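Here is the structure we will look at, set down as structure tokens.
The values are calculated or read from the model by the stated rules, or taken from the named source; none is laboratory data. Note that this is a predicted model, so its numbers are computed, not measured. All Cβ positions, even for glycine, are placed from backbone atoms using ideal geometry, and neighbour counts span all protein chains on display.
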Amino acid sequence: MKQGRLNLVLGGAITALLVGMALASLVWTPYPPTHIDIVHRLAAPSAAHWLGTDPFGRDVLSMIMAGARSSLSVALIAVAVGAGIGIPLGALAAAGGEWVDQAVMRASDLAFAFPALLTAVMIAALAGPGEANAMLAIGIFNIPVFARVTRGAALSVRERDYITAARAVGRSETAVMLRHVLPNISAMLLVQVTIQFALAIVADAGLAYVGLGTQPPDPSWGRMLNDAQTFVFHAPLLAVFPGLAITLAVLGLNLLGDGLRDRLDPRGR
Amino acid sequence: MIRTFAVVLAALLAAASAQAKDSLSLGMVLEPPHLDPTAGAASAIREVTYANIYEGLVRIDAMGKVQPALAASWTISPDGLTYTFRLRTGVTFHDGAPFDCATVMFSYGRAAAADSVNAQKGLFEPIARTDCPDPATAVVTLKRPTASFLFGMGWGDAAMLSPASVATDKTNPVGTGPFRFTRWVRGDRIELERFPGYWGAAPKLTTVTFRFITDPTAAVAAVLAGDLDAFPNFPAPEALDRVRADSRFTVVVGTTEGKTILALNDARKPFDDVRVRRALAYAIDRRALIEAVMSGYGAPIGSHYVPTDPGYVDLTGVYPYDPARAKALLAEAGVRPGTTITIKLPPPAYARRGGEVIAAYLEQVGITAKLVPVEWAQWLDTVFRRSDFDATVISHTEARDLDIYARDTYYFNYHSEPYRALFRDYQAAVDPRRQLDLVGQLQRRLAEDEPNVFLFALAKVGVWNAGLRGMWTNSPIPANDVTAVSWAE
């Protein structure tokens, strides 16, 4: 219990910091994130540039902040797409009878057969690189995840007595699902959202790293990592900061997810 | 007994390693679209085939001088109209077909024909006819004296092709060179082997592998791991200090003919207005660009001509970095702040990174540049062939190619009658001093009209195994001539 609380606080704090940074970047960054200043290229961290500058003299802190905005918005939309389509599909599979269940689940098995990032690379390669396509690609591979989790949870809840009771008083399947089943599995879904959010951030960074995500000049963590590679002998910190940002984001969201699960899961109480 | 065994083993190992040192694996950034230099503009074609697979009557050496190749010698008539080439005898193509004057007639005729797909058709345009008084003599008569004719006949575009194999040279190149083609693994490598029937001195190497690695990070890794013996145009200048510090490698920074430009589509708005083109030239700080993109390797240029070529005029001061001036010119031309243009970026790092820096400079004068990365084949098709682009960053590696601005159709759509007239004068000039004077005028005219924004001359950053000898240190023409390459004993 104590551990769970710590997770919740720590994860919440890191996530809040990240979201705060992303929101702040909309109105303010120390320097414009795409502003180049070649005279001061590859500067070490200093009072003027807290995290130093990149090979073009861009301020790394400003890029990390703008990158947070990009990463979080990609992850947000991707998870929204995944949950928005996956949860109704999962609910349908749980409530819709044998045939519907089979169809939805076999389709999601098929989607699962492809490694997630490969699916995203395929979609991004077909639709072209870019932030919107990264959102779509990551969103699509999130659909079967949410569909499965929802179906599994819904099926187990549907066996409970209060659901049988609700059905006994003549509630329709739809009403049972909406009024009784979904509210009772929402905690689990929320936890899943935080996990998928963290995975989406990693996927976004991976796509950007291979050149299929956010396009230059818009900053993104993944591309910063890629750009830093050949400079690793000169300026190793260039690779450290975006790497740290990704790690922190994932750590924060995972801790938050764990904390939430401990808090919300009735079995943990 | 054991000692004898050890000695034998050591000798065997030494023999094995000595034997291994007659192959070469060489890295290139771009993969050629095909392997026929007489049918495509991509430098990568020449970087595999030039002097290695195909030969012309003459060749360009590492110093940029014209040297005998399939012609052992030649004479030029006093009026500059008749070139008599004495051809080498006993030369055969890799497929066994003989080389003689008929091949010359065929090759030049094909390149100059109305339906020719030669990327440098202009080189052959001055040819009135080719005659064969005997199989070992080729007499080329020109319509008018042409200053650059012999130099042009040393280009990859003027390679001698056998009539029998010409239809399949794109995928199965057949030349007269010291190496013949063995295998092409698309997306990965091209392999050559020594041609035993070569007419000249046999090369030291028995096999040569060209490997294609676009990503600078992968290039650095491949070199440091020893997977490649050489990367003659190393794409990661920022990692050079690291490579230089390693005694396994030789690092040589030389010059190329690569004129790196922000090419503009002069037929499209707003680039049809010279004020806009000049504004872009004022908006970009070339020295800073070289620093940021090439780690300082490279020299600024102010026209389509590099400092190492004869008759170079320093025009880098025509458009000094002056964003205020750029803004004023844009306002005068009616280009509103916030105007968006698209810059297509081919894979080389100078383009991808250069594009980012250029976009940042343009942003400062109120132009938003949308960057679109394109693959190499896609660039050749959309930008180069179909002229479907606003702007692009590209390096023109052909030597002294002022002619591209005088063409009727060329991808950046520059049409200037005064320039064409100057160019005709230059081509017809016989007096070397007059030629140099006209070369200067051509450069000035280009700087004046700024059809493209001239950025910098690409440096040749060469990295190779310290045991390699005979690599070119400069690139007077696009080539990876490995015919004289060997391993130190």
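Some points to look at:
- Restricting attention to segment B:143-194, the residues that are acidic (Asp, Glu) and not in a strand (DSSP E or B) add up to 3.
- Selection count where residues are more than 20 Å from B:VAL243 (Cβ to Cβ) and in contact with a Gly (Cβ under 6 Å, 6 or more places away or on another chain), scope segment B:203-221: 0
- For segment A:25-57, the tally of residues that are in contact (Cβ under 8 Å) with a residue 60 or more places away in the chain and either more than 14 Å from chain B (Cβ to nearest Cβ) or more than 24 Å from the chain's Cα centre (by Cα) (or both) stands at 8.
- Filter pass, B:ARG144 being without any contact (Cβ under 8 Å) to a residue 24 or more places away in the chain and within 17 Å of B:TYR83 (Cβ to Cβ): no
- The residues listed here are B:THR82, B:THR75; of these, the one that is over 24 Å from B:ASN474 (Cα atoms), touching a Phe, Trp or Tyr at 6+ places or on another chain (Cβ under 8 Å), surrounded by fewer than 16 Cβ atoms within 10 Å (Cβ to Cβ) and modelled with pLDDT of 90 or more is B:THR75.
The rows are residues; the columns are (1) at pLDDT below 95; (2) farther than 18 Å from B:TYR54 by Cα.
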position	(1), (2)
B:VAL91	no, no
B:THR103	no, no
B:SER107	no, no
B:ASP115	yes, yes
B:ASN118	yes, no
B:THR146	yes, yes
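Table: residues versus (1) touching a His at 6+ places or on another chain (Cβ under 9 Å); (2) of a type in the set (Val, Ile, Thr).
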| residue | (1), (2) |
| --- | --- |
| B:SER387 | no, no |
| B:LEU402 | yes, no |
| B:PHE423 | no, no |
| B:GLN427 | no, no |
| B:ARG434 | no, no |
| B:ASP437 | no, no |
| B:ALA459 | no, no |
| B:VAL485 | no, yes |
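- When each of B:THR82, B:THR89 is tested for being more than 17 Å from the chain's Cα centre (by Cα) and without any contact (Cβ under 8 Å) to a residue 60 or more places away in the chain, the lone residue that passes is B:THR89.
- Of the helices (runs of 4 or more DSSP H) lying entirely inside segment B:240-322, those carrying at least 1 residues that are of a type outside the set (Val, Ile, Thr), away from chain A (no Cβ under 14 Å) and buried (at least 20 other Cβ atoms within 10 Å of the Cβ) are B:274-283.
- Exactly one residue out of B:LEU142, B:LEU123, B:LEU87 is within 22 Å of B:ALA201 (Cα to Cα) and surrounded by 15 or more Cβ atoms within 10 Å (Cβ to Cβ), and it is B:LEU87.
- Where helices (runs of 4 or more DSSP H) fall entirely within segment A:159-253, those with at least 1 residues that are within 24 Å of A:SER62 (Cβ to Cβ) are at A:182-209, A:221-228.
- Only one entry in A:ALA95, A:ALA103 is in contact (Cβ under 8 Å) with a residue 60 or more places away in the chain and either closer than 30 Å to A:MET177 by Cβ or not polar (S, T, N, Q) (or both), namely A:ALA95.
- A residue that is more than 18 Å from B:LEU455 (Cα to Cα) and away from every other protein chain (no Cβ under 13 Å) occurs nowhere in segment B:344-355.
- Residue in segment B:212-222 that is crowded, with 19+ Cβ neighbours inside 10 Å and either away from chain A (no Cβ under 14 Å) or more than 25 Å from the chain's Cα centre (by Cα) (or both) present: yes
- Any chance B:PHE231 is of a type outside the set (Gly, Ala, Ser), over 30 Å from B:LYS327 (Cβ atoms) and within 14 Å of chain A (Cβ to nearest Cβ): yes
Every residue, every condition in (1) within 14 Å of chain B (Cβ to nearest Cβ); (2) under 23 Å from A:ALA80 (Cα atoms), yes or no:
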{"position": "A:ALA208", "(1), (2)": "yes, yes"}
{"position": "A:LEU212", "(1), (2)": "yes, yes"}
{"position": "A:PRO216", "(1), (2)": "yes, no"}
{"position": "A:SER220", "(1), (2)": "yes, yes"}
{"position": "A:HIS234", "(1), (2)": "yes, no"}
{"position": "A:LEU248", "(1), (2)": "no, yes"}
{"position": "A:GLY259", "(1), (2)": "no, yes"}
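- Residue in segment B:370-378 that is touching a residue at least 24 places away in the same chain (Cβ under 8 Å), crowded, with 21+ Cβ neighbours inside 10 Å and on the phi < 0 side of the Ramachandran plot present: no
- Verdict on B:ASP266 being touching a residue at least 60 places away in the same chain (Cβ under 8 Å), charged (D, E, K, R) and under 20 Å from B:ASP403 (Cα atoms): yes
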